[in-house]
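The values are calculated or read from the model by the stated rules, or taken from the named source; none is laboratory data. In this text the structure is predicted, and so the values were computed from the model without any measurement. Cβ placement follows ideal geometry from the backbone for every residue including glycine, while neighbour counts extend to all protein chains displayed. The accessibility values were calculated without ligands, DNA or RNA, using every heavy atom of the protein model including side chains. Shrake-Rupley method; radii C 1.70, N 1.55, O 1.52, S 1.80 Å.
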Amino acid sequence: MWRIAPRSAYLWRWNVTTLPLFVPSFVSALVSPFVSAPAPSPTPSPAPSLVPLLVAVIGGYLLGSIPVAVLVAGRRGVDPREEGDRNPGFWNVRERLGARAAAPVFAGDMAKGVAAGLLGLVAGGAHTTALGVVTGPSVSVAYLAVGAAMLGHAWPVFAGFRGGRSVLTFAGGMAVICPPAFVLGLAVLAVTRLATGSFALGARAGVFAIPVLQLAFSPIGHVAATGALMCLIGLRFGQAALAARRP
């Protein structure tokens with residue numbers, strides 16, 4: 001969503017064969033907070049079975065792999081992977097085609113996270129609190145589904161494994177995992193936008209505020225899992241930074 005690489009930089013072609021080296025540690029970071037966390041009630045929640053986990057991970061990845069920016073911009077003769085900062089996401093499409101043309105990209109990339117989160121929530125038994133915060137055995141499944149969707153957005157199987165930064169997909173997933181924190185994050189975005197006149201700065205503030213706001217509604221282990229998702233965003237931005245330095 002935010003440009004790091006200059007427009008003249010070309011895409012660093014990620015070696016897809018290295019992705020499996022990252023996935024196990026990423027999945028472990030998502031699951032580990034829930035393994036050692038004490039049960040909230042005297043009766044422990046049953047661990048999710050393998051089938052819901054597979055449905056969440058595979059379904060989430062395929063949802064995330066839908067190349068919304070490529071499809072939307074392609075209808076206007078633009079391939080965002082070859083123009084601007086070569087990031088197939090909302091911000092690059094907005095700069096190439098304008099805010100109105102990029103609106104479907106914004107909605108579509110966020111919808112991928114929402115759909116993946118809902119898939120994980122249902123696969124995990126649809127356990128939520130009164131405020132809609134995912135809880136119980138649904139937590140790990142929902143986080144894995146959203147994480148898989150972010151991986152799909154970053155390395156989409158339907159677009160040659162050349163994807164975006166996963167920021168909007170993360171935000172959409174958090175709208176399901178912790179709706180109150182997501183809504184308050186939108187409020188932070190709006191206030192920052194009004195105070196500074198910059199939507200980009202407001203978006204940064206809103207996204208980084210989500211785990212802090214989540215502390216009021218979820219255990220610390222869940223917030224740690226949110227941080228693991230945000231590390232994936234950092235990985236993608238780091239990849240872009242390295243690409244910018246290549247001759």
Of all the helices (runs of 4 or more DSSP H) wholly in the range 60-163, which have at least 3 residues that are under 20 Å from residue 227 (Cα atoms) and not hydroxyl-bearing (Ser, Thr, Tyr)? 99-123, 138-154
Which of the residues that make up the range 115-132 are closer than 18 Å to residue 170 by Cα and crowded, with 20+ Cβ neighbours inside 10 Å? 115, 116, 117, 119, 120, 121
Do we find that residue 195 is assigned to a helix (DSSP H, G or I) and free of Cβ contacts under 8 Å to residues at least 12 places away in the same chain in this structure? yes
Residue among 52, 42, 104, 48 that alone is at pLDDT 65 or above and open to solvent by 60 Å² or more (accessible area, probe 1.4 Å): 104
Per the list (1) in contact (Cβ under 8 Å) with a residue 60 or more places away in the chain; (2) under 23 Å from residue 54 (Cβ atoms), residue check on residue 115 breaks on (1)
Which residues, taken from the range 178-204, are buried (at least 19 other Cβ atoms within 10 Å of the Cβ), modelled with pLDDT of 95 or more and within 16 Å of the chain's Cα centre (by Cα)? 178, 181, 182, 185
Within the range 205-247, take every residue that is outside any helix (DSSP H, G or I) and open to solvent by 40 Å² or more (accessible area, probe 1.4 Å) and give me the one that is nearest to residue 128 (Cα to Cα). 217
Please enumerate the residues belonging to the range 157-181 that are more than 16 Å from residue 223 (Cβ to Cβ) and out of contact with any helix residue (DSSP H, G or I) (no Cβ under 7 Å at 6 or more places or on another chain). 157, 158, 160, 162
